[in-house]
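Each remark here refers to the structure printed beneath this line.
The values are calculated or read from the model by the stated rules, or taken from the named source; none is laboratory data. Everything quoted here is computed from the prediction, not taken from an experiment. Cβ sites come from the backbone with ideal geometry, for glycine too, and all protein chains shown count toward neighbours. Heads up: the accessible areas ignore ligands, DNA and RNA and are worked out on the full protein's heavy atoms, side chains in. Shrake-Rupley method; radii C 1.70, N 1.55, O 1.52, S 1.80 Å.
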Amino acid sequence: MKDTKISARGVNVYYGANHAIKDVSVEIADKTVTSFIGPSGCGKSTFLRCLNRMNDTIDIARIEGDILIDEEDIYHPDVDPVQLRAKVGMVFQKPNPFPKSIYDNVAYGPKIHGLARNKGELDEIVEKSLKRAAIWEEVKDRLQAPGTGLSGGQQQRLCIARAVATSPEVLLMDEPCSALDPIATSQIEELIDELRGRFSVVIVTHSMQQAARVSQKTAFFHLGDLVEYGDTDDIFTNPQDPRTEKYITGRIG
Amino acid sequence: MTDMPDDRGAGRSAATSTASIMRPDARTKSRNAAEKRFRAYGLGAIVIGILALVFLLASILYRGLPAFTQTYISIDVALPAETLDPEGNRDPAEMAKVITFGYAGLVDDAMQSALEARGIEVEGLNDPGVLISKQAPAQIRDWVLSNPEAVGGTERFDFLATSRIDQYYKGAVTMESAARDSQISPEQLQLADILKDEGMLTRKFNWSFVTAPDASDQRPEAAGLGVAILGSAYMMLIVLGLALPIGVAASIYLEEFAPTNRWTDIIEVNISNLAAVPSIVFGILGLAIFINFGGLPQSAPIVGGLVLTLMTLPTIIISTRASLKSVPPSIRDAALGVGASKMQAVFHHVLPLAGPGILTGTIIGLAQALGETAPLLLIGMVAFVTEYPDAPPEGFFDPATALPVQVYNWTQRADPAFAERASGAIIVLLVFLAIMNITAIVLRRKFERRW
Ligand SMILES: Nc1ncnc2c1ncn2[C@@H]1O[C@H](COP(=O)(O)OP(=O)(O)OP(=O)(O)O)[C@@H](O)[C@H]1O
Ligand SMILES: [Mg+2]
């Protein structure tokens, strides 16, 4: 059993009166890929966004409970969410590159965190990140072209490159492959597998196959409840809860 | 529909005969008709708008363009040393003691001798010097004081003709109207025609309309927009320098940082209300606060600028907030997601995207301020100012007028020459507005090219 990286205890999230996450407790292991699955609107994105406090930006969102990363309460008043987000990177459901050049998209994070001492180092980080996001070959000749001019799938890989460029310890990915073709998807899955060596990766996905392929742990959410959480193999072969079984066999959608 | 005995073909044609896409059904027809009607309305609205605009522009150009040309009379003026330099030492300081009145005779003398030299005689003509603007003596004096060594000789001057002569060539004054006019006589008009044939009287482009200060009712031909343009320019500088940073800072705070609660709601409502407050109220406010309480001088661009700043702020804040709002939230998420602080997200990503919108709002606000008249009347900017204000920043405290106020002022004056100048001033105002709008468009293009 690997060390626990993230530990959530009794987390409740409310959007105004809407109780979106209901008393969820989960331990996410280090150097492991954890996938969140569940029907649309069940709160996967919401819970994921709690892990790097992106929900802070939503005025009506209210979060209860404790979330600890490396034993530190990330909702503690002394915690600076900016520092937290440098440590916990995120790839969003919809590709959202900055309307800047491809290079600047990737270089932005390292720049503001002072990860490169000079242009050469920055170039290196950019190249390495783009390669790891499996997009280097496609963009290496037009790094100064706008990132928004790429195709949807390329944009998403650019966003992944942007997220890994800051060398986070945890990478949160919200349906990173929903806009990708099978080839790019398998490249991303390889990337996720590789990232696992160093980070803890949490991925939201609607594809059972993908969850089964890339993750070691799987959490199944349903209407805001964490219904079942365990080893991916167990969840898919031997689900304990009837709702899980119905979902993975395609009877809840 | 089909003669084919084939079962399938017959079946299909029966099914599609009611729903052929070649023949629009009733619903589609009425929908298309509605769309057609709507297009016609829209086109009609645009045509009406364009016609109104064309009519407006044409009438302003028709009435205002003549203000940019003016009739000049060029004659040789003898500069007698005994009257202009009694001490005889050509010292400008000494010569300055001869006031403008001492030069008055020179113009009449010059006119007389010019007529005699050419043998021009007009029946019943008296006082031919009246053809020349009352501006002329001051013009000679200014020239003599800067060229003292020319005293004693003869110099050719281009004098403005009086406004009546000028209007005669622009068609507003006729022989009949001159007969009833105390300021001009038909004989004088005849003389003007003769001078024109002699080549002494010409109509030229009149730069001084744009550069000269305002002039009194006695010499409308000399009145210009110089002080008004400077005053307006100074006020625009003040408005830009104050309203843009304050407005943008306020908007960014309200839009990106302030929590949404009752207080920010109240502020928001008040800003919208402020934008709808009649501008004259800002004038009263300015009078009470800046002049009566703050002790700032009347008629000064600084006060006008401050009042217009107050007036422009809501416009800038509203448009800036709108353009900040239009930046997709996903961009903010993206920036925050890689660990940018809120401020970095705003300044690195949101503000550049909102820039073009902010710029447009600012220019619209400035254009509004440039054309604003009512509040300026209240703070005394309607005063008759013939002195140019100094260069800024001291000049901000000197008396000045503003373009729209000058227009208003000129329309209040009796002489038809002023009516023409009012239209001319409107053209200048429109040119400035056009320049501002073009600047906005150019800057926006430039910004947007950086996506
Ligand atoms: N910004 C928001 N404001 C208000 N309610 C929200 C907001 N975001 C999500 N919700 C609500 O919270 C619940 C969970 O939404 P969430 O986006 O987490 O679902 P999800 O599991 O990610 O769904 P999907 O698979 O479709 O992405 C939904 O009922 C949704 O309506
Ligand atoms: Mg989601």
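Within the group A:235, A:203, which residue is surrounded by 23 or more Cβ atoms within 10 Å (Cβ to Cβ) and assigned to a helix (DSSP H, G or I)? Lay out the reasoning, then the answer.
On the way: A:203 fails: assigned to a helix (DSSP H, G or I).
Going through A:235, A:203 in turn, just one is surrounded by 23 or more Cβ atoms within 10 Å (Cβ to Cβ) and assigned to a helix (DSSP H, G or I): A:235.
Tallying residues that are more than 21 Å from residue A:219 (Cβ to Cβ) and within 16 Å of ligand 2 (Cβ to nearest atom) within the stretch A:153-179 yields 3. Scanning the stretch B:96-135 for residues that are acidic (Asp, Glu) and under 13 Å from residue B:195 (Cα atoms) returns B:116, B:121.
Scanning the stretch A:74-120 for residues that are facing chain B (nearest Cβ under 9 Å), outside any loop (DSSP other than H, G, I, E, B) and without any contact (Cβ under 8 Å) to a residue 40 or more places away in the chain turns up A:81, A:82, A:83, A:84, A:85, A:112.
In the set B:268, B:255, which member is surrounded by 13 or more Cβ atoms within 10 Å (Cβ to Cβ), in contact (Cβ under 8 Å) with a residue 24 or more places away in the chain and either within 21 Å of residue B:329 (Cα to Cα) or over 29 Å from the mean Cα position of the chain (by Cα) (or both)?
Numbers: B:268 fails: in contact (Cβ under 8 Å) with a residue 24 or more places away in the chain.
Checking each option against the conditions leaves just B:255.
Return the total of residues in the stretch A:153-170 being open to solvent by less than 40 Å² (accessible area, probe 1.4 Å) and either within 11 Å of another protein chain (Cβ to nearest Cβ) or over 23 Å from residue A:37 (Cα atoms) (or both). The total comes to 11. For residue A:37, the conditions (1) within 14 Å of chain B (Cβ to nearest Cβ); (2) within 14 Å of ligand 2 (Cβ to nearest atom) all hold with the exception of (1).
Return the residue satisfying two criteria in turn: it lies in the stretch A:44-65 and is of a type in the set (Gly, Ala, Ser) and within 14 Å of another protein chain (Cβ to nearest Cβ), and of such residues it is nearest to ligand 2 (Cβ to nearest atom). I'd like the intermediate steps shown before the answer.
Restricting attention to the stretch A:44-65, the residues satisfying the condition of being of a type in the set (Gly, Ala, Ser) are A:45, A:61, A:65.
Applying the additional criterion that residues be within 14 Å of another protein chain (Cβ to nearest Cβ) yields A:45, A:61.
On the way: A:45: 3, A:61: 14 Å.
Looking at the filtered set, the residue picked out is A:45.
I'm checking my understanding of the structure. Among residues of the stretch B:314-357 that are more than 12 Å from every other protein chain (Cβ to nearest Cβ) and hydroxyl-bearing (Ser, Thr, Tyr), which one is most open to solvent (accessible area, probe 1.4 Å)? It comes out as B:326.
Residues are listed down the side, and each one gets a yes or a no for (1) at pLDDT below 90; (2) within 13 Å of ligand 1 (Cβ to nearest atom); (3) closer than 23 Å to residue B:330 by Cβ:
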{"position": "A:9", "(1), (2), (3)": "no, no, no"}
{"position": "A:17", "(1), (2), (3)": "no, yes, no"}
{"position": "A:48", "(1), (2), (3)": "no, yes, yes"}
{"position": "A:51", "(1), (2), (3)": "no, yes, yes"}
{"position": "A:63", "(1), (2), (3)": "no, yes, yes"}
{"position": "A:69", "(1), (2), (3)": "no, no, no"}
{"position": "A:73", "(1), (2), (3)": "no, no, no"}
{"position": "A:103", "(1), (2), (3)": "no, no, yes"}
{"position": "A:107", "(1), (2), (3)": "no, no, yes"}
